[in-house]
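Here's the structure, in structure tokens; my notes come after.
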Amino acid sequence: MTEFIFNGPKKTAGLTLVLAHGAGGPMDSPFMETIAEGVAKAGIRAARFEFPYMRRRRETGKGGAPDAGPVLMQSWREAIEELGRGERLVIGGKSMGGRIASMVADEAGVRGLVCLGYPFHPPGKPEQTRTRHLEVLRTPALILQGSRDPFGKPDEVAQYKLSRSIRLKWLEDGDHSFKPRVHSGRTEADNLGAAIADLVEFIEAL
């Protein structure tokens with residue numbers, strides 16, 4: 001059974017936002033906590049879970065590389081099944097968590113997809129794109145991306161052929177976790193607040 005952390009109303013006729021973590025941080029990282037608690041305050045139920053390798057890290061206290069792609073995808077399928085019908089779910093997550101969600105969204109029949117810092121390519125390797133499946137994505141999607149994200153900056157992403165179902169929004173001067181530089185005049189709280197507002201608006205419109 002998948003273990004979840006829930007935030008927000010226990011009983012709701014609305015949609016549930018299901019989030020998976022990025023490659024390095026667990027489901028209760030400060031970033032994940034802030035996003036989940038933020039949407040919950042707007043009345044949206046949020047659920048978080050961890051991939052097997054992260055659970056092993058938690059249990060053993062040791063490191064370890066992320067699971068292989070098929071294992072990550074199956075973890076998403078199991079989480080969706082345990083939470084009920086796909087049409088009542090919006091799935092996504094931080095970086096890798098959102099990327100894997102985007103790879104199962106269409107088959108799972110979920111209502112929407114949200115990616116918080118999509119890893120369009122490895123840092124410093126813009127030729128190694130991870131966008132082919134995004135060209136034909138049918139699920140309504142929102143990608144929130146920091147404008148300084150080394151995994152995909154505005155001039156790079158503008159060259160990609162992305163599905164019309166994808167809405168892309170940039171967070172000013174944000175890095176991969178949306179944190180801006182001090183001299184930008186913005187704060188991390190500003191960008192996280194903007195990201196939460198965008199998520200709530202997207203989910204409520206589905």
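For region 66-89, a tally of residues being open to solvent by 50 Å² or more (accessible area, probe 1.4 Å) and either touching a helix residue (DSSP H, G or I) at 6+ places or on another chain (Cβ under 7 Å) or among the basic types (Lys, Arg) (or both) returns 5. Every test in (1) open to solvent by 20 Å² or more (accessible area, probe 1.4 Å); (2) out of contact with any Ser or Thr (no Cβ under 9 Å at 6 or more places or on another chain); (3) part of a helix (DSSP H, G or I) is passed by Phe31 save one, and that test is (2).
Restricting Leu134, Leu144 to residues that are out of contact with any Gly (no Cβ under 9 Å at 6 or more places or on another chain) and not in a loop (DSSP other than H, G, I, E, B) narrows the list to Leu134. Within region 182-195, one or more residues are closer than 20 Å to Gly22 by Cβ, part of a helix (DSSP H, G or I), open to solvent by 60 Å² or more (accessible area, probe 1.4 Å) and of a type in the set (D, E, K, R).
Which ones in region 72-100 are within 14 Å of Tyr53 (Cα to Cα) and among the acidic types (Asp, Glu)? Lay out the reasoning, then the answer.
If we filter region 72-100 for residues that are within 14 Å of Tyr53 (Cα to Cα), which is where we start, we get 72-76, 96-97.
Across region 72-100, there are no qualifying residues.
Only one of the listed residues (Gly146, Gly152, Gly193) is touching a residue at least 24 places away in the same chain (Cβ under 8 Å) and touching a Leu at 6+ places or on another chain (Cβ under 9 Å). That residue is Gly146. Once region 151-171 is narrowed to residues that are under 16 Å from Lys125 (Cβ atoms) and assigned to a loop (DSSP other than H, G, I, E, B), the residue that is most open to solvent (accessible area, probe 1.4 Å) is Gln159. Considering only residues in region 90-120 that are of a type in the set (Gly, Ala, Ser) and in contact (Cβ under 8 Å) with a residue 40 or more places away in the chain, the one that is surrounded by the fewest Cβ atoms within 10 Å (Cβ to Cβ) turns out to be Gly112.
Would you confirm whether any residue within region 40-54 is closer than 25 Å to Asp175 by Cβ, modelled with pLDDT of 95 or more, part of a helix (DSSP H, G or I) and of a type in the set (D, E, K, R)? Looking through region 40-54, at least one residue is closer than 25 Å to Asp175 by Cβ, modelled with pLDDT of 95 or more, part of a helix (DSSP H, G or I) and of a type in the set (D, E, K, R).
The values are calculated or read from the model by the stated rules, or taken from the named source; none is laboratory data. None of the values given here were measured: they were computed from a predicted structure. In this analysis, Cβ positions are derived from the backbone assuming ideal geometry, glycine residues included, and neighbour counts consider all displayed protein chains. These area figures cover heavy atoms from the full protein model, side chains too; ligands, DNA and RNA do not enter into them. Shrake-Rupley method; radii C 1.70, N 1.55, O 1.52, S 1.80 Å.
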